[in-house]
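Peer 1: Provided herewith is a single structure, encoded as structure tokens, for subsequent inquiry.
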Amino acid sequence: MSSRAPVTPSDYIDKVTGRTEYITDVEVPGMVHGKILRSPHPHAVIKSIDASAALEMPGVIAVLTGADVSALNNHWGLYLKDRPVIAIDRVRYVGEPVAMVAADDERIAEEALEAISVDYEPIPFVTDAAEAIEASAPLVHETHDTVKDFYFKGEAKPVAGTNIFQHYNYEHGDVEKAFAQADRCFEAKYEFPMVFHYAMEPHCVIASFDSGGLTVWSCGQSPTAVQKVLSRVFGMPLARIRIISPNVGGGFGGKASVKIDPLVAALAWKTHRPVRVCLSISESMLTARRLSASIRVKTGVRNDGAILAKSVSVLMNGGAYADTGPAVAVKAANRAIGPYRIPNLKLESTAAYTNTVPGAAFRSIGGPQAVWASESQMDEIAEALGLDPLEFRNRNLLRRGEHVRPDLRPIDVEMGEAMDIATREMAQLRASDSGSETHRGTALGISDPGIMAVSSVLLRLKIDGSVAVVSNSVEIGQGVREVLRRLAAEQLKQPVDAVEVLTPDTAIAPFDWGTGASRSSLMMGLAIADAAADIRRQIAEIAAIVLEVDPQSVELCEGGIAIGNRKKTFSELLHAYFGIDSGELVSIGRVSPHSNAGKLTQAPLFWETAAGQCAVAVDEDTGEISVRHYVSVADVGRVVNRAAAEGQDEGATIMGLGHTLSEELVYQDGQPVNATMIDYHVPTIDEVPENFVTVLIESGTGPGPGGMRGMGEGAILPVAPAVANALAEGYGIRIRKLPLTPERVWRAIRERKER
Amino acid sequence: MFLIPFTHHRPVSLDEVFETLAKHGDDAAVYAGGTELLLALKARVLRYEHLIDLKRVKELSGIRIEGEELVIGALATHHQIANNDLVQAHVPAYAALSEEIANIRVRAAGTLAGNLAFAEPHSDPPSLLSAMDATLILVSSGGKRGVPMREFILSDFTTAREENELIAEIRIPVTAAGEGFAYRKFGHLERPAVGASAGCVMRGGKPSYRLWFGAIGDRPLHAKEIEDAIAGVPAASLPEALPKVARDFASGISTASDLHGSADYKQHLASVLIQRALAAACEAAQSRGAANA
Ligand SMILES: Cc1cc2nc3c(=O)[nH]c(=O)nc-3n(C[C@H](O)[C@H](O)[C@H](O)COP(=O)(O)OP(=O)(O)OC[C@H]3O[C@@H](n4cnc5c(N)ncnc54)[C@H](O)[C@@H]3O)c2cc1C
């Protein structure tokens, strides 16, 4: 039971002692190694590829190129079927896979890459989203092949003959009229950079074809999406494709939906051998990144601070392939609304192809981009109206039960409470800080998790009272296995130690939509509750038969059942039932939009929120920002695994400090010029605030067992605008472009002084 | 990428090193920590068929005092230097610099000699060692010679060292009573964008100053014009005397805009950092004077 759950989750010891198995540790008999030759050009026609010298090298088994995949259904995608398994005739970004070598070991494979010669004819390219949507821009894709309800609900809305692969509009009220009636209107554009996920484990996949079908050890966050795409590419039934998901060393969206699995499987298909491909971190940087965004926000207010109307226009740089960009673009618009009453609202979002690394889902898709813009502007408006930024927010805050948008679920948390807690905690931190002066900044973020309520789980109650949880939720460092373990123990009233959570394997674990969008604890929690109810029903029926008792009177207790004062172990009960002291009960738990009497149909399932407050000090001569204190507050409904939940909150915040302070993938002349971990700076312990407080509110109001809601993505939302707002408050500068590098801060301060 | 296969040599004496070098010529390179060389080999920007590991060569190890000089053997790592009692006592500013180089993994393996031999411009040690007027002792089968640090680095990745020479040791004059040094750097990436080193030397109650910049150009840069402009100015008057000359000098430094920052920002940083370094150096000189008095 959760009250007796260990404080240290069981997986931590294995992780810190190096015992945890990741894909890179997996050895498949007969396995060979693949390496990828990547395009040096942002946009080029492949005129010819000569791999003959490579094929002659000892130890080289095969070379895969675009010519090989013509036998396959060779383009795939979850929204747009725009991505070739491997480049065919054309490359669209620097880093795109062009050829792949399979060899006896990685070293030989890598040597062989140098022996492949590719004849390219460079063609005009575009790396900037604003340029990409101009009429004269070179087209990254000539046609748009959309798929509907394939894995995501709905479909993308590309614009024919342009680079626009997604366009989204929403409106309620009459924005233009309200702007005309407003006392003041504020309009500005905010820029958010391309940033890299930096999961510590680069992408790693093993694929193997045999008479049983295709088996893939995948680092993917969505095993069943990988299964589905592979089934289409290779024209194989789903049941012949098996995806195993060992521990994954972080994903953050960079391993969501499908990434390198089709490529690795194609090489295995060609060589008839199991193939392992492990990318380097620099290669992972060329595999996926967050969509950069330029967001224009216009807000009309009355002089008393009431917001009358808001219009948001988002332009996202989606890279060479749409990937999950269409979903990101929609969310970037929605997440710019904020937890405020906005009677007239207009949202518009456009995502464009460019010749850059494909944009992809990244922790709170579109959220940090959107909240960066809207929460920066909230402080700008407050300042112009002469209002305290907290007071200005308070005047417009939605209370629990009010609608963000009439068509969405009403907001289910009290943002005012979270903001007050953040303010109180920050006041304490600053009061006990005897160092140099700091300046405070605040931001609030809300997001509508894009959760597909499609999940299932198996519970297997063994005769000795031990329990196996069989699920496709991927342990990606977030601690999901420990959460599922505790929830299963709680639902079945068994000690946590009695429960094991198995490695996800689509051959035995039932369908689950995927590990992402803050959904796994919640969705699997609901599925486990459903499965546990079925186990209880089975047990009661068996007790009725074996013990001749009223099934209604049977309760689960530790190690067995209780009927009033009478207790039986599972073994005693099931031995009598099966006739032997062996056997198990199996149950399946399912979640669909129709579960819980249809309560899961309305989107979003819950609101994921965060209130962030920081205290910063700036070295005005260098422009260096030091974030000294940070407070992160969120209503998560209920905390199941405290160490991991706080870890998620802290991790999301520190990750947010990356795009706030230093992270930005830079393109020059079509080339990514800083795509290495030396030139691209991810926050280290040096950047972690001296004091960091996480407050997790347990209101019990979420849709999951015990009132839990999902978490893990909220805390990243407010970081950048909170820091920018602190700069405005303390130093009189307003920077609308991330990251807030020392140079940008210094320039802003210098310009202010010159004014 | 992987290292291309190579033959690994593990000599135990300098003679053996020179023999191996003589035999393989351009195909061979020595290394100590490997933190630069192995990365360059993996990135395939350098290729060698023979790698000579220096770590067992006793003549190159150790940190000691000889007369008025601190002698740092070529195998001393940044971490050893930072935490060595002799360095901390006799050249405290250099110990402090060492503690802030890179990260602990690089400091634990990387050597000062390797850093200087590689001559990557975005490095910390060269400007301070120039301000301190350190000397590098280069050895070859033909003998040894001393090269002042100030003349050792010619441009990026290029030094006065001949192919057949090794750095045997780095000799740093002990910071005497009434002297103080300090180093200040700044950058938001892995390596420094700009470094500034300052020395304050009191002789007969009259101060003189030594000022050098690092990282901003392709080799350490002597700020002689600033030194001349403030020569003899007492430390207490520097806040008035220094800023303008520092700014003027810095704005003339030739540097390019790159990932570390725009040229004008780096010039500004140079001016800020040299003022900070000099203030710290003067303070160190004062306390060192007091301690030894
Ligand atoms: C991630 C990272 C961050 C870094 N950050 C910084 C920083 O912030 N500031 C900074 O100053 N430096 C920084 N460095 C550089 C670091 O100081 C050097 O990598 C290290 O000192 C090199 O020493 P080594 O023994 O590993 O050299 P090796 O890699 O072993 O050798 C480097 C070069 O020197 C030659 N060499 C080595 N020893 C001798 C010798 N005795 N005689 C002649 N030639 C020799 C080798 O042939 C080779 O060409 C960083 C390095 C890395 C990898």
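The values are calculated or read from the model by the stated rules, or taken from the named source; none is laboratory data. Please read all numbers here as calculations on a predicted model, not as lab measurements. Quick reminder, even Gly has a Cβ in these numbers, built from the backbone with ideal geometry, and neighbours come from all protein chains shown. Just so you know, the surface numbers come from the protein's heavy atoms only, side chains and all, with ligands and any DNA or RNA stripped out. Shrake-Rupley method; radii C 1.70, N 1.55, O 1.52, S 1.80 Å.
Peer 1: Quick test for you: out of A:V357, A:V328, A:V371, pick the one residue that is within 21 Å of the chain's Cα centre (by Cα), surrounded by 23 or more Cβ atoms within 10 Å (Cβ to Cβ), more than 30 Å from A:R90 (Cα to Cα) and among the β-branched types (V, I, T).
Peer 2: When all the criteria are applied, what remains is A:V371.
Peer 1: Would you confirm, using the coordinates I've provided, whether A:F252 is open to solvent by 20 Å² or more (accessible area, probe 1.4 Å) and within 16 Å of A:G514 (Cβ to Cβ)?
Peer 2: Details: open to solvent by 20 Å² or more (accessible area, probe 1.4 Å): yes; within 16 Å of A:G514 (Cβ to Cβ): yes.
Spelling it out, A:F252 is indeed open to solvent by 20 Å² or more (accessible area, probe 1.4 Å) and within 16 Å of A:G514 (Cβ to Cβ).
Peer 1: With the condition being among the β-branched types (V, I, T) and not assigned by TED's automatic domain parsing to the domain that holds A:S39, I'd like the strands (runs of 3 or more DSSP E) fully within the range A:278-375 carrying at least 2 qualifying residues. Can you show your working first?
Peer 2: Numbers: elements: A:292-301, A:307-319, A:344-353.
It comes to A:292-301, A:307-319.
Peer 1: Of (1) buried (at least 18 other Cβ atoms within 10 Å of the Cβ); (2) more than 8 Å from the ligand (Cβ to nearest atom), B:L112 satisfies all except one. Which?
Peer 2: Looking at each condition in turn, B:L112 falls short on (2).
Peer 1: Right, another one. Counting only residues that are in a strand (DSSP E or B) and within 14 Å of another protein chain (Cβ to nearest Cβ), which one in the range A:612-624 is surrounded by the fewest Cβ atoms within 10 Å (Cβ to Cβ)?
Peer 2: The initial filter retains those residues of the range A:612-624 that are in a strand (DSSP E or B), namely A:612-619, A:624.
From what's left, within 14 Å of another protein chain (Cβ to nearest Cβ): A:618-619, A:624.
Details: A:V618: 22, A:D619: 15, A:E624: 18.
For the range A:612-624, the residue satisfying everything is A:D619.
Peer 1: So, in the range B:29-63, how many residues would count as being among the β-branched types (V, I, T) and near the ligand (Cβ under 8 Å from one of its atoms)?
Peer 2: At the first step, the residues of the range B:29-63 found to be among the β-branched types (V, I, T) are B:30, B:35, B:45, B:52, B:57, B:63.
If we keep only those that are near the ligand (Cβ under 8 Å from one of its atoms) as well, we get B:30, B:35.
Counting residues in the range B:29-63 that are among the β-branched types (V, I, T) and near the ligand (Cβ under 8 Å from one of its atoms) gives 2.
Peer 1: So B:E179 passes all but one of these: (1) among the acidic types (D, E); (2) within 13 Å of the ligand (Cβ to nearest atom); (3) open to solvent by less than 50 Å² (accessible area, probe 1.4 Å). Which condition number does it fail?
Peer 2: Single failed check for B:E179: (2).
Peer 1: Of the residues that make up the range A:674-689, is at least one away from every other protein chain (no Cβ under 14 Å) and either at pLDDT 95 or above or part of a strand (DSSP E or B) (or both)?
Peer 2: So in the range A:674-689, the residues away from every other protein chain (no Cβ under 14 Å) come out as A:688-689.
Restricting the remaining residues to those that are either at pLDDT 95 or above or part of a strand (DSSP E or B) (or both) gives A:688-689.
Yes: one or more hits.
Peer 1: Can I ask one more? Filtering the range B:86-102 down to residues that are within 14 Å of another protein chain (Cβ to nearest Cβ) and in contact (Cβ under 8 Å) with a residue 60 or more places away in the chain, which residue is farthest from the ligand (Cβ to nearest atom)?
Peer 2: B:E100
Peer 1: Would you confirm whether any residue within the range A:187-207 is surrounded by 17 or more Cβ atoms within 10 Å (Cβ to Cβ) and in a helix (DSSP H, G or I)?
Peer 2: no
Peer 1: So, one more: Kindly check whether there is at least one residue in the range B:261-284 that is outside any helix (DSSP H, G or I) and within 14 Å of chain A (Cβ to nearest Cβ). Give the derivation first.
Peer 2: Applying the first criterion (outside any helix (DSSP H, G or I)) to the range B:261-284 yields B:261-262.
Now narrow it down to the ones that are within 14 Å of chain A (Cβ to nearest Cβ): B:261-262.
So far as the range B:261-284 goes, yes, one or more of its residues are outside any helix (DSSP H, G or I) and within 14 Å of chain A (Cβ to nearest Cβ).
Peer 1: Out of the residues in the range B:70-85 that are of a type outside the set (D, E) and more than 13 Å from the ligand (Cβ to nearest atom), which is most open to solvent (accessible area, probe 1.4 Å)?
Peer 2: Let us first name the residues in the range B:70-85 that are of a type outside the set (D, E), namely B:70-84.
Imposing the further condition that a residue be more than 13 Å from the ligand (Cβ to nearest atom) reduces the set to B:70-71, B:83-84.
Details: B:L70: 0, B:V71: 0, B:N83: 81, B:N84: 34 Å².
Here the residue is B:N83.
Peer 1: Can you tell me which residue in the range A:636-664 is farthest from the other protein chains (Cβ to nearest Cβ), limited to those that are open to solvent by less than 10 Å² (accessible area, probe 1.4 Å) and more than 19 Å from the chain's Cα centre (by Cα)?
Peer 2: Here the answer is A:G637.
Peer 1: Could you look through the range B:121-148, keep only residues that are under 26 Å from B:E100 (Cα atoms) and more than 14 Å from the ligand (Cβ to nearest atom), and pick out the one that is surrounded by the most Cβ atoms within 10 Å (Cβ to Cβ)?
Peer 2: B:A131
Peer 1: Could you tell me whether any residue of the range A:717-724 is open to solvent by less than 40 Å² (accessible area, probe 1.4 Å) and within 14 Å of another protein chain (Cβ to nearest Cβ)? Give the derivation first.
Peer 2: Of the range A:717-724, the ones open to solvent by less than 40 Å² (accessible area, probe 1.4 Å) are A:717-724.
Narrowing the set further to residues that are within 14 Å of another protein chain (Cβ to nearest Cβ) leaves none.
No: the range A:717-724 contains no residue that is open to solvent by less than 40 Å² (accessible area, probe 1.4 Å) and within 14 Å of another protein chain (Cβ to nearest Cβ).
Peer 1: Could you grab me the full set of residues in the range A:155-179 that are surrounded by fewer than 13 Cβ atoms within 10 Å (Cβ to Cβ) and either outside the structural domain of A:A329 (by TED's automatic domain parsing) or within 26 Å of A:R290 (Cβ to Cβ) (or both)?
Peer 2: The one that is surrounded by fewer than 13 Cβ atoms within 10 Å (Cβ to Cβ) and either outside the structural domain of A:A329 (by TED's automatic domain parsing) or within 26 Å of A:R290 (Cβ to Cβ) (or both): A:N169.
Peer 1: Residues in the range A:673-693: is at least one surrounded by fewer than 22 Cβ atoms within 10 Å (Cβ to Cβ) and under 28 Å from A:L605 (Cβ atoms)?
Peer 2: Pass one, the range A:673-693, residues surrounded by fewer than 22 Cβ atoms within 10 Å (Cβ to Cβ): A:673-674, A:676-679, A:681-693.
Going one step further and asking which of them are under 28 Å from A:L605 (Cβ atoms), we end up with A:693.
Checked the range A:673-693: at least one residue is surrounded by fewer than 22 Cβ atoms within 10 Å (Cβ to Cβ) and under 28 Å from A:L605 (Cβ atoms).
Peer 1: Sticking with this structure for a sec: Looking only at strands (runs of 3 or more DSSP E) that fall completely inside the range A:19-114, which ones have 2 or more residues that are within 14 Å of chain B (Cβ to nearest Cβ)?
Peer 2: Values: elements: A:32-38, A:44-50, A:60-65, A:97-103.
Hits in the range A:19-114: A:32-38, A:97-103.
Peer 1: Within the range B:189-209, how many residues turn out to be surrounded by fewer than 24 Cβ atoms within 10 Å (Cβ to Cβ) and within 12 Å of the ligand (Cβ to nearest atom)?
Peer 2: Qualifying residue count, the range B:189-209: 3.
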